[in-house]
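First comes the structure, then the notes that go with it.
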Amino acid sequence: MKFFTSWKIVAIVLLGLIALRLQDGWLVETARLKTFDFYQISKNQEKSDQISIVEITDDDIDNIGQWPWPRDKVASILEMMKLFKPAAIVMPIIFSEPDRFGKDEELADALEGVIIAQAPSNKASKVEGSPRGIAIVGLDPNNWLQKFVGIVRPLKMFEDNAAGVGVLTASGEIDGVVRRIPMIVRIGEVDSLVSPKIYPTLSLEVIRTLAGDRSYQMKVGMNGVESVRIPQFETINTDSNGRVWIKYNKEFDRRTIFHMDDI
């Protein structure tokens with residue numbers, strides 16, 4: 001009788017675990033994500049010798065003045081960066097409005113070879129984002145991609161002069177922690193006057209620019225997005241929503257604008 005009771009308890013627990021797994025709710029997802037965090041923490045930190053991050057800090061504000069700085073000042077900083085002959089300069093900044101100091105022309109001239117950002121918005125927008133060519137292999141990806149109603153793009157003079165314009169976005173998991181970033185997003189609603197379009201995020205736009213390619217490729221199967229690819233670079237495998245996991249075991253050289261000459 002005791003054996004039978006124990007067997008019933010085991011069966012009930014087992015059935016409960018199976019039901020929990022089949023439901024695949026927040027508890028299972030949280031456990032999965034925390035396991036991912038554990039593997040991230042257990043990895044040794046790796047120092048990158050290819051990327052330097054130049055940050056705008058309180059020291060820079062004290063030395064240069066209130067942000068946003070006049071755009072001729074930003075232009076002079078970009079020209080200083082170019083003296084180091086980097087493969088790419090990426091500015092995750094959205095220059096969507098005219099400079100209050102009237103220095104937009106100076107910045108536009110300095111944006112040659114620089115990659116800047118545009119931002120998705122959940123407010124309606126009549127303006128499409130900075131377009132990029134795309135070749136889709138397989139099925140329609142629109143139902144799988146992270147979607148937004150509109151987009152905030154840079155001023156046209158900046159967009160025309162910059163080497164690339166990528167969508168700047170990130171979203172957290174169910175616990176609010178960002179572990180994945182999208183490679184591509186969808187802008188626009190199906191029932192709106194403007195058909196939805198697909199745009200590369202900033203990270204993918206950097207790779208496209210480095211390759212000197214005019215477009216990128218995306219493979220879509222029955223279960224969603226499978227990969228994105230820029231010719232000359234390896235294929236980037238994604239999840240079904242076109243996202244990749246972030247490796248947090250990377251360290252980078254960091255400098256402030258005021259100490260940029262130490263790079």
Using the Kirkwood radius over Cα pairs of region 86-205, the Stokes-Einstein translational diffusion coefficient at 4 °C and 1.567 mPa s, in µm²/s and rounded to a whole number, is 84 µm²/s
As straight-line cross-link partners of K123, the qualifying aspartates and glutamates (C-alpha separation under 14 Å, not fewer than 8 residues apart within one chain) are E189
Net charge (Lys, Arg +1; Asp, Glu -1) of residues whose beta-carbon lies under 13 Å from that of F101, F101 excluded, is -2
Per the rule of 0.36 nm per residue minus the C-alpha distance, extending I134 to D49 adds in nm 27.5 nm
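What net charge is computed for the residues neighbouring E46, neighbours being all others with C-beta under 12 Å from the C-beta of E46, Lys and Arg scored +1, Asp and Glu -1?
Numbers: positive: K43, K47, K247, K250; negative: D49, E251.
Summing Lys and Arg as +1 and Asp and Glu as -1 gives +2.
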Mean Cβ-within-10 Å packing, highest first, puts peptides 73-80, 244-251 in the order 73-80, 244-251
Answer in debye to the nearest 20: the dipole magnitude of region 151-211 about its Cα centre, from +1 Lys/Arg and -1 Asp/Glu charges placed on Cβ, is 140 debye
Region 165-221 and region 38-68 have their Cα centres apart by a whole-number Å value of 24 Å
When the charge dipole of region 56-203 is computed with +1 at the Cβ of Lys and Arg and -1 at the Cβ of Asp and Glu, the Cα pointing farthest to the positive end, of P120, P92, I56, is that of P120
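Bear in mind that the values in this text are calculations on the coordinates, not laboratory data. Computed from a predicted structure; not experimentally measured. No Cβ is skipped: glycine too gets one built from the backbone with ideal geometry, and neighbour counts run over all protein chains shown.
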